[in-house]
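First comes the structure, then the notes that go with it.
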Amino acid sequence: MSMATIHAVQRRSPFARLRRNGSATASLVLLAGLLLACFSAPLTGAAVGIDATSIDLFNIAAAPSADHPLGTDEIGRDLLMRLLEGGRVSLTVGLAAALSATVIGTLIGLLAGYRGGIADAVLMRLADGVISLPLLPLLIVLAAIDPVKIGLPSELVHSESFSLYRIVIIIALVGWTTTARLVRGTVLSLRERDFIEAARAQGLPPSRILLRHLLPNAASPILVAMTLTIGNVILFESVLSFLGLGIQPPIPSWGNMLTGAQDLISVAPMLAVWPGLLIFAAVIAFNFLGDGLQDALDPRALSQHGR
């Protein structure tokens with residue numbers, strides 16, 4: 001890639017650079033379609049007269065038909081509507097957990113990078129400790145803990161939505177380390193810059209310097225990290241739900257749909273293929289989008305790729 005081409009790429013807006021990335025653009029279109037289809041599932045079901053919770057034991061694992069475009073599941077529910085409802089739950093968990101982990105990691109990274117010294121050492125050793133733990137076994141152990149035994153009200157624990165909130169909280173508590181390290185590194189490179197020294201000379205409080213000067217300049221790596229985290233969270237949620245430790249029925253998710261399909265895998269393999277395919281597509285799309293955002297927001301990385 002010539003220097004003239006590199007300068008031309010860097011002069012483009014981030015949106016223009018992202019649009020020229022074919023895989024990132026295709027991923028963005030796919031994710032937009034998935035989000036629209038899944039989050040409009042209740043309206044779609046009401047419009048076509050299909051209830052995702054309606055059980056028909058005389059129509060178990062039926063083949064696709066006019067009434068059920070993708071057939072029915074292991075207890076006769078419409079598979080298409082279950083996939084959309086399950087996608088709404090899986091994507092909600094992915095977005096909520098990734099956003100929560102990003103907020104925690106951003107706050108820790110800002111504090112560690114700006115304060116330095118003991119605060120930096122303690123927070124980064126904490127991050128090292130979390131990183132050193134095997135993530136999936138840790139999530140399984142945390143998800144298997146009985147919340148009633150640690151003092152939570154039984155009514156809350158046995159509510160339908162509790163398993164969703166628990167997964168979001170568990171993943172957020174262990175998934176902040178990547179963002180924290182990225183933000184810390186960015187803040188360390190910025191805190192001695194002239195505009196930060198000028199802000200200190202004006203007597204601005206640390207909170208204002210962090211939020212008004214350092215945080216906006218760290219927005220790019222934060223956005224990229226959050227996008228990549230969403231795909232990982234969807235994968236972790238699917239694994240936990242498949243093991244029976246994640247989202248609990250009757251709330252559907254792509255992971256627990258795989259659990260329900262395993263007994264009929266030999267006679268109705270599509271019950272497992274469709275949720276597995278959607279998990280694969282969503283995770284790959286978020287990863288491609290994250291890579292595309294990294295190139296779009298940091299044109300220097302794009303120029304290095306072209307060398």
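The values are calculated or read from the model by the stated rules, or taken from the named source; none is laboratory data. The shown structure was predicted, so the numbers you read here are calculated from the model rather than taken from an experiment. Here the Cβ positions follow ideal geometry from the backbone for every residue, glycine too, while neighbour counts run over all protein chains shown.
Grab the helices (runs of 4 or more DSSP H) fully contained in the stretch 1-43, keeping just those with 2 or more residues being within 22 Å of the chain's Cα centre (by Cα) and at pLDDT 70 or above. Step through it out loud before you land on a result.
On the way: elements: 3-11, 14-19, 22-39.
Fully inside the stretch 1-43 and qualifying: 14-19, 22-39.
Given the condition within 18 Å of the chain's Cα centre (by Cα), free of Cβ contacts under 8 Å to residues at least 60 places away in the same chain and under 18 Å from Ile75 (Cα atoms), answer yes or no: does some residue in the stretch 215-237 qualify? Within the stretch 215-237, none of the residues are within 18 Å of the chain's Cα centre (by Cα), free of Cβ contacts under 8 Å to residues at least 60 places away in the same chain and under 18 Å from Ile75 (Cα atoms).
When the stretch 204-251 is filtered for residues that are part of a helix (DSSP H, G or I), polar (S, T, N, Q) and surrounded by 17 or more Cβ atoms within 10 Å (Cβ to Cβ), the ones remaining, listed by number, are Ser220, Thr227, Thr229, Asn232, Ser238, Ser241.
Counting the residues of the stretch 252-267 that are without any contact (Cβ under 8 Å) to a residue 12 or more places away in the chain, assigned to a loop (DSSP other than H, G, I, E, B) and not hydroxyl-bearing (Ser, Thr, Tyr) gives 1. Here Leu43 passes the criteria (1) touching a Gly at 6+ places or on another chain (Cβ under 8 Å); (2) at negative phi except the one numbered (1).
Of all residues in the stretch 69-84, those being assigned to a helix (DSSP H, G or I), of a type in the set (D, E, K, R) and in contact with a strand residue (DSSP E or B) (Cβ under 8 Å, 6 or more places away or on another chain) number 0. As a summary of the residue check, Ser132 satisfies the conditions (1) small (Gly, Ala, Ser); (2) at pLDDT 85 or above; (3) surrounded by 15 or more Cβ atoms within 10 Å (Cβ to Cβ) except for the one numbered (3).
The rows are residues; the columns are (1) in contact with a Pro (Cβ under 7 Å, 6 or more places away or on another chain); (2) free of Cβ contacts under 8 Å to residues at least 40 places away in the same chain; (3) loosely packed, with under 12 Cβ neighbours inside 10 Å; (4) farther than 30 Å from Ala261 by Cβ.
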| position | (1), (2), (3), (4) |
| --- | --- |
| Leu70 | yes, no, no, no |
| Asp78 | no, yes, no, no |
| Ser90 | no, no, no, no |
| Asp120 | no, no, no, yes |
| Arg125 | no, yes, yes, yes |
| Asp128 | no, yes, yes, yes |
| Leu152 | no, yes, no, yes |
| Ser159 | no, yes, no, no |
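For the stretch 253-307, the tally of residues that are surrounded by fewer than 22 Cβ atoms within 10 Å (Cβ to Cβ), more than 30 Å from Glu74 (Cα to Cα) and either small (Gly, Ala, Ser) or at pLDDT 90 or above (or both) stands at 5.
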